[in-house]
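Reviewing the structure listed below.
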Amino acid sequence: MKTRTKLLLFSLVLLAAGSGAYLYHVHESAVQHERAAHLRLSGNVDIREVTLAFRPSERISEILVDEGDSVEEGQLLARLDAAELALNLQKAKAQTKAQEAVLEKLKNGTRSEEILQAQENVRAAAAASANARGIYARMLEIYETSEGISLQELDNARAAAESAEAKTRAAEAALEEARTGARGEDIQQAEATLAALRAEEERLAHLLTQYELRAPSAGVIRSRLLEVGDMASPAMPVFKLSLIERKQVRVYVSEADLSRIHEGQKALITTTSEADKPLTGTVGFIASTAEFTPKTVETEDLRTSLVYEVRISVDDPDNRLRLGMPVNARIDL
């Protein structure tokens, strides 16, 4: 009886051992299959940031956002004091309008009223010249016949006649110029001056836009580094903006698995708190040199292992990932 009992117990032990070995084999096969189909890695979120600063150096007059605020692309974040620049722009606009009037006048030519005035000037000058010539002729006759006047008086009459004749020629030239209109060179010079004034106006208008700081992309204000009244400059950042459209996850792969991944592979990113809501990503950068496992992802088995850094770009439209957050990545092979 005791022998049969021992045999039964021995058979049960063998059966249990066989079942355990079979289950272990099945489990190992499943694990190997899983490893062959997927690569599971651990890492941390690395959010890209942009440091925002003003181009001009001036005092900050207004700050419109604070730390933690979500901003859209192109949203106004802060302003500088631009009173002096605005006055210079107004001056440039006035000069441009004045030069436009000058150019328009040159292109339109002389008005009929001005031509009529020039004609009257010619008549007046011609009449004065004729009178001066007559006076000189009479005085010359008197001088030659009776010597009733001095030589000085005769010279004065001759000079007056010549001056009146010169004024007549000048009036005739002015009339001809009025009829002809502006020269092509004068119009070209006026056009060049107008172009320079317009370019200066555009430069000031562009510079005025630099007195406003706008978000280059959608994101979250991570740091506010200056306040209203502070002196801003290109070397003094005002904000740090965390970009939310495309984030990066840094993971590390062992040398044995390095050949199994490549750029462009799809990946699923999960967090501990939302393991059932994976985010999609794409393998981007793969390091060409190895490094020791970082402390943030090391385990007892990997403390002295050499691994390669891999960066995965992740779409996170709902801003679920935070800087430094530990995550898991599954790459389909």
nm² value of the averaged projected area, convex hull over the Cα atoms of the stretch 49-190: 17.6 nm²
Positive-pole candidate from Pro234, Ile269, Val249, dipole of the stretch 225-282, charges at beta carbon: Ile269
Theoretical FRET efficiency, 1/(1+(r/R0)^6), r = Cβ-Cβ of Arg123 and Ser150, R0 45 Å, to 0.05: 0.85
Total formal charge among the other residues, if their Cβ is under 11 angstrom from that of Ala125, Lys/Arg +1 and Asp/Glu -1: 0
Relative contact order of the stretch 102-232, pairs being alpha-carbon contacts under 8 Å that are 6 or more residues apart, as %: 34 percent
Solvent-free Debye scattering, log10 I(q)/I(0), computed from the Cα coordinates of the stretch 173-268 at q = 0.14, 0.17, 0.19 Å⁻¹: -0.85, -0.97, -1.05
Portion, in percent, of the accessible area of the stretch 78-154 that falls on carbon or sulfur, probe 1.4 Å: 52 percent
Within the accessible area of the stretch 186-228 (1.4 Å probe), percent carbon and sulfur: 51 percent
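The values are calculated or read from the model by the stated rules, or taken from the named source; none is laboratory data. Note that this is a predicted model, so its numbers are computed, not measured. Methodologically, a virtual Cβ is constructed for each residue, glycine included, from the backbone with ideal geometry; neighbour enumeration extends over all protein chains shown. These accessible areas exclude ligands, DNA and RNA; they are computed on the full protein's heavy atoms, side chains included. Shrake-Rupley method; radii C 1.70, N 1.55, O 1.52, S 1.80 Å.
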